[in-house]
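Take a look at the structure set out below.
The values are calculated or read from the model by the stated rules, or taken from the named source; none is laboratory data. Values in this document were obtained by computation on a predicted structure and should not be read as measured data. Glycine gets a Cβ as well: all are built from the backbone with ideal geometry, and neighbour counts include every protein chain shown.
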Amino acid sequence: MRAEFAKAELIAVLVAVTDNEPRVMTVRAGEALPSGPFESGHRTLQSGLRDWIESQTGHPVGFLEQLYTFADRDRDPAVSGDAARQISIGYLGLVREQVAPGAGKPAWHGWYEYFPWEDHRDSRPEVLTQITDRLLVWAAEDELRRQRVDFLFGLNGLPWNEDLALHRYELMYEAGLAESPSRPAREAFGRPMAGDHRRILATGIARLRAKIKYYPVVYELMPDAFTLLQLQRAVESLSGLRLHKPNFRRQVDQQELIEETGEMSSGTGGRPAKLYRYRPTVLRAQALSGSRLPVSRH
C-alpha cells in the first residue's frame, strides 16, 4: 500500500538553564513541545524555524541545529489511515528563559519532571531502583534483555552513562514503562507527554549531553558575565552529574575559552568571585576544531 503523508511540521526542543535547572519550553500546560506547520517561504528550514520560534514565543534563539526527522507509523493518533504518517522535523535550540508575551504562550518546565531518573547530581534517584526492579522482572530469564538493563542503567558494577538517556527511555517504552501514542504506560514514571513528544525530548537531552563534551554550546545558556561556579553548575545540570571542581577548572583554563571581565560578583551568601565572559574569537576557532567542556565525576 502506498504511504500517505501528512503535511510536515517543525517541532522544537528549546532548552534553557535557570537557577541551575535545565528547562524546556512546552505548550498545552506542559504536555507537548512547541510545533507548527512547515512553511516553504524561507530559504532554509533553520531560518524559517528561527522566525517561527520568535513569532510564537518572543524568544530569540542562539544555537540551533536539526535534531532528527520523526516519521514512525501511527506516531500521531490524530492522523488516520493504515498507512498514514505524521512527519515532524525536530530541532534542538538553546535560549535564555524569559516570559513569553501574551496569553496562551509557551511555558517552561524542568526536564527532570519528565525524566526524574536522569538526575544524579545529589545521589542515585530513588525512582531509578523502582524502574530497574520492574525492568528486571520484564527481562526475566532473557539474557540479552538483562544485559541491556545492566548496561543502560548502570547495574552489576557497570558505570552510569549520561549520554544514553534516549536508549534508557526506549528500553522503558519497550518494557511498557513509558507511554506511546496508542497506549498508556502500564506504570507511570516521570511526567508523560502527548504523542511521542517525550521521546523527542529524550532525543534532545541525549544530543545535548553528548554535544557539551566537544562543542562549547553551553555558553549560549550563560549570562554575559558569569562565575566559574555558575559555569560548572550549568554543565552539571545538563549532564545530571556532579563534577570534580579542580579538574573542571583546570580543563576550562587549558581550553582558553573564557577571560576575566575585571569585575567581581556581587551576590550575597558568600565571598565575591571573579566574573568571566567567553572570548568570541577563541570560541569561534575552538568550535571549528571541536573542544570539550569537562564532564567527569568525582
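Points to keep in mind about this one:
- When residues in the range 197-210 are screened for being closer than 13 Å to residue 66 by Cα and basic (Lys, Arg), 1 of them pass.
- The range 46-78, subset aliphatic (A, V, I, L, M) and crowded, with 18+ Cβ neighbours inside 10 Å, residue modelled with the highest pLDDT: 67
- Scanning the range 168-219 for residues that are touching a residue at least 60 places away in the same chain (Cβ under 8 Å), hydrophobic (A, V, I, L, M, F, W, C) and within 17 Å of residue 33 (Cα to Cα) turns up 193, 194, 200, 201, 202, 205, 208.
- Candidate set: the range 126-157, residues that are crowded, with 17+ Cβ neighbours inside 10 Å and among the β-branched types (Val, Ile, Thr); chosen: the one farthest from residue 179 (Cα to Cα): 149
- Of all residues making up the range 160-180, the number that are of a type outside the set (D, E, K, R) and over 16 Å from residue 209 (Cα atoms): 8
- Test: residue in the range 162-182 that is touching a Lys or Arg at 6+ places or on another chain (Cβ under 8 Å), among the hydroxyl-bearing types (Ser, Thr, Tyr) and modelled with pLDDT of 95 or more: yes
- Taken together, 88, 123 contain a single residue that is among the small types (Gly, Ala, Ser), modelled with pLDDT under 95 and surrounded by 15 or more Cβ atoms within 10 Å (Cβ to Cβ), which is 88.
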